[in-house]
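The values are calculated or read from the model by the stated rules, or taken from the named source; none is laboratory data. If you're wondering where the values come from, they're calculated on a predicted model, not measured in any experiment. Cβ placement follows ideal geometry from the backbone for every residue including glycine, while neighbour counts extend to all protein chains displayed.
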Amino acid sequence: MTDKEKENEFVAMIKQHERLILKVCAMYSDGRRWELRDLYQDAVCALWESYGSFKGDSKPSTWIYAVTRYTMLNQMRKRRVEFERQEDSDVEQLAQDDSVDRMLEEVREAVALLPADERDIFIMWMEGFKTGEIAEVMSMTYGNVAIKLTRIKVKLRKMVNGDIQKTR
């Protein structure tokens with residue numbers, strides 16, 4: 001494969017999974033557009049640097065999620081920034097109704113308050129990853145992921161309903 005073909009293949013893969021990359025980056029940003037763009041660029045650069053090692057053993061989305069997540073965690077370590085709740089979300093709004101928007105914001109805030117491993121598991125599940133794929137990315141067993149998912153959903157439901165306090 002020529003360098004140009006490799007580059008074209010990579011660009012096509014990134015375009016296909018752009019929303020996934022943006023969602024992962026958004027969970028690690030504080031909501032400022034410039035920061036989201038920077039994190040996105042960092043993720044794409046990391047994906048390009050490790051593209052040669054992608055053998056296709058897993059789905060491209062699984063590999064992209066894992067590399068992007070690892071990149072975001074590294075960025076957090078480098079910057080040593082305490083992330084606060086996002087008041088003004090740059091992530092696309094899913095509905096126009098105020099009550100739905102409020103509920104979505106509450107869920108987003110609750111997800112942002114989850115520990116990083118729980119947040120990652122939940123986001124991957126919301127993105128349609130199967131339990132086995134999540135287990136592969138997170139280096140966990142299938143059963144452990146299944147149990148954690150159930151507990152995360154219960155925890156989020158309680159946080160949104162106000163049954164438990166939202167704290168970091």
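Starting from residues that are within 15 Å of the chain's Cα centre (by Cα) and touching a residue at least 60 places away in the same chain (Cβ under 8 Å), keep the ones in the stretch 46-73 and report whichever is surrounded by the most Cβ atoms within 10 Å (Cβ to Cβ). The selected residue is Tyr65.
Scanning for something touching a Lys or Arg at 6+ places or on another chain (Cβ under 6 Å) and at pLDDT below 90, does the stretch 54-61 turn up at least one residue? There is no residue in the stretch 54-61 that is touching a Lys or Arg at 6+ places or on another chain (Cβ under 6 Å) and at pLDDT below 90. Listed by first and then second residue, the pairs with beta-carbon distance under 7 Å, at least 6 apart or on different chains, first residue in the stretch 103-118 and within 14 Å of Arg151 (Cα to Cα), second aromatic (Phe, Trp, Tyr), are Val111/Phe122; Leu114/Phe122.
Restricting the stretch 121-133 to residues that are assigned to a helix (DSSP H, G or I) and more than 12 Å from the chain's Cα centre (by Cα), the residue that is surrounded by the fewest Cβ atoms within 10 Å (Cβ to Cβ) is Gly132. For the stretch 17-40, filtering for residues that are under 21 Å from Asp120 (Cβ atoms) and assigned to a helix (DSSP H, G or I) leaves 15. Within the stretch 84-120, the only residue that satisfies the criterion of being modelled with pLDDT under 50 and within 14 Å of the chain's Cα centre (by Cα) is Val91.
Can you find, within the stretch 31-45, the residue that is nearest to Val67 (Cα to Cα) among those that are touching a residue at least 24 places away in the same chain (Cβ under 8 Å) and surrounded by 16 or more Cβ atoms within 10 Å (Cβ to Cβ)? Per the stated criteria, the residue is Ala43.
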